Amino acid sequence: IAAEATSEPSPVAAIDTQTCSITPIYNLNLRDQPNTDGQIYLSIPYGTAVTANSITSDNWYSVNYNGQSGWVSGEYVSKVESCSKLPTVTG
């Protein structure tokens, strides 16, 4: 019985990460931190769908675009309903 228990996935591995798709409604800056003081890595073109994996309490989304991870302002994106289930992080 003990061997069966160790073959099950750990609780951490079983957690399903929630993501959602967001689309910039303007060309949107990808920044290194969730605020306008952050360094701009690149611009995500208007209408390009990107996947968000978390959000701050003040509406900044953590995304990955063209292999670059960073933050975009939620003020300038359209989103789908599933974004309400994103984990909230401290920025």
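What the table shows:
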| quantity | calculated |
| --- | --- |
| Search result, residues across region 72-82 that are over 23 Å from G38 (Cα atoms) and in contact with a strand residue (DSSP E or B) (Cβ under 7 Å, 6 or more places away or on another chain) | V80, S82 |
| Search result, residues across region 41-83 that are of a type in the set (F, W, Y) and open to solvent by 10 Å² or more (accessible area, probe 1.4 Å) | Y41, Y46, W60, Y65, W71, Y76 |
| Residues satisfying the stated conditions in region 39-91, i.e. among the charged types (D, E, K, R) and either farther than 17 Å from N27 by Cα or out of contact with any Ser or Thr (no Cβ under 9 Å at 6 or more places or on another chain) (or both) | D58, E75, E81, K85 |
| Residues located in region 59-77, provided they are more than 11 Å from C20 (Cβ to Cβ) and part of a strand (DSSP E or B) | W60, S62, N64, Y65, Q68, S69, G70, W71, V72, S73 |
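The values are calculated or read from the model by the stated rules, or taken from the named source; none is laboratory data. Everything numeric in this text was worked out from a predicted model, so none of it was measured. With ideal geometry, Cβ positions are generated from the backbone for all residues, glycine too; neighbour counts draw on all protein chains shown. The area values use the complete protein model at the heavy-atom level, side chains included, leaving out ligands, DNA and RNA. Shrake-Rupley method; radii C 1.70, N 1.55, O 1.52, S 1.80 Å.
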